[in-house]
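Below: one structure, written as structure tokens.
Taken together, the values in this text are just the output of simple stated rules run on the coordinates, not laboratory data. Not measured: the values here are computed from a predicted model. Cβ placement follows ideal geometry from the backbone for every residue including glycine, while neighbour counts extend to all protein chains displayed.
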Amino acid sequence: MERTNPKAKIQSVRFHDILVQIQTVDFNGIECLCLEDVQRRFPPVTALCFDNIQLSFLRDTNGDQLIPLRIEAITDQIIEAVEPAEQSNVVMHRFLNRIDTNMQEMNKKTDIILANTQETLIRIKHVMTQIKTSQLNFDQYCTEYVSSSL
């Protein structure tokens with residue numbers, strides 16, 4: 001029979017980068033952390049680990065998991081809450097898709113910058129040609145002026 005003790009202990013639980021405190025429950029003299037309590041804060045969690053080892057949920061004498069699913073609390077340590085690898089893969093896939101979308105947008109912007117740069121270079125070339133032509137015309141004018149004044 002479970003009971004909530006006002007002096008109940010607290011279990012530190014980490015999910016990704018979030019650390020929370022969850023009250024433990026006494027089941028027949030054993031201080032336990034219930035999976036459903038962790039899932040109220042972090043719904044995708046399906047397993048609990050300590051020191052990189054997945055902890056088994058408590059079982060009865062027949063080897064059947066006790067309901068609600070629970071582990072014996074380790075109140076002086078931090079328990080890691082983990083989600084299934086498939087869930088992590090889905091999150092990673094979404095993340096990679098966002099990166100791909102951002103890269104496509106950056107490629108479009110880069111193409112626009114390249115086109116603008118090419119257009120600017122063409123205009124600079126045209127202006128330089130006009131300056132050169134103007135300089136040649138000016139030099140010819142000066143030469144003709146000097147020749148005519150002599």
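Miscellaneous remarks
- Label selected from [x] 19, 17, 16; [y] 29, 22, 17; [z] 81, 16, 10, the criterion being semi-axes √(5λ) of the Cα gyration tensor in Å as computed here: [z]
- One chain, two ends: D111 and N62. Fully extended at 0.36 nm per residue, the span grows by 10.9 nm beyond their Cα-Cα distance.
- Bins of 5 Å, starting at 0 and running to the largest distance - Cα pair percent for segment 2-83: 3, 16, 28, 27, 17, 8, 1, 0
- Angle between the chain longest axis and helix 85-149 axis [Cα atoms, degrees, rounded to 10]: 10
- Long-range HN-HN contacts of K9 with modeled amide H, under 5 Å: T24
- Computed E for E119/Q140 - FRET, C-beta separation, R0 41 angstrom, nearest 0.05: 0.80
- Largest GNM mean-square fluctuation among I112, I79, I67, using the chain with Cα springs under 10 Å: I112.
- Residues considered: Q104, Q140, Q11. Largest GNM mean-square fluctuation over the chain, using C-alpha springs under 10 Å, is found at Q140.
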